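Please read the structure below before turning to the comments.
What follows draws every value from the coordinates through simple rules; no lab data is involved. Just so it is clear, the structure is predicted and the values come from calculations on it, not from any experiment. Reconstructed Cβ throughout: ideal geometry from the backbone, glycine too, with neighbour counts over all protein chains shown.
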Amino acid sequence: MAAPKTCPVCGVKILVGMVGGDRVLFSAGPPGTRARLYARVCRYVEKPGCINRDGGSQKASPNDYYKPDAPR
Ligand SMILES: [Zn+2]
């Protein structure tokens, strides 16, 4: 059974122990990987309380990063 953990800095829930790797529940949009959370949030966080400071073992894809200039 996966146990959710909440990052006290980012406020994002991470389901640990899921098949295929940890799942991050974002406040908006579909769940993603810890790598995505890291690419979008945690790499900007300089506080020691963040539980995703290393981004997990998964690799971030280019789609995991914000694209500020993407068309809306
Ligand atoms: Zn965090």
Checklist line | Phi-based couplings in Hz for the stretch 15-24 (Karplus 6.51, -1.76, 1.60; Gly and Pro marked x) | finding: 8, 9, x, 6, 5, x, x, 5, 10, 9
Next item on the list: Enumerate the lysines that Lys5 could reach by cross-link, defined here as Cα to Cα under 22 Å, with residues fewer than 8 away along the same chain left out.
Entry: Lys13, Lys47, Lys59
Next item on the list: Taking Cβ-Cβ under 4.7 Å as the only way to count a partner, pick out the unpartnered cysteines of the chain.
Entry: Cys42, Cys50
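Find the relative contact order for the stretch 3-56 and round it to a whole percent, using C-alpha pairs within less than 8 Å whose residues are 6+ positions apart.
Relative contact order comes out at 31 percent.
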Next item on the list: Return an integer: the convex hull volume of the alpha-carbon atoms of the chain, in Å³ per residue.
Entry: 95
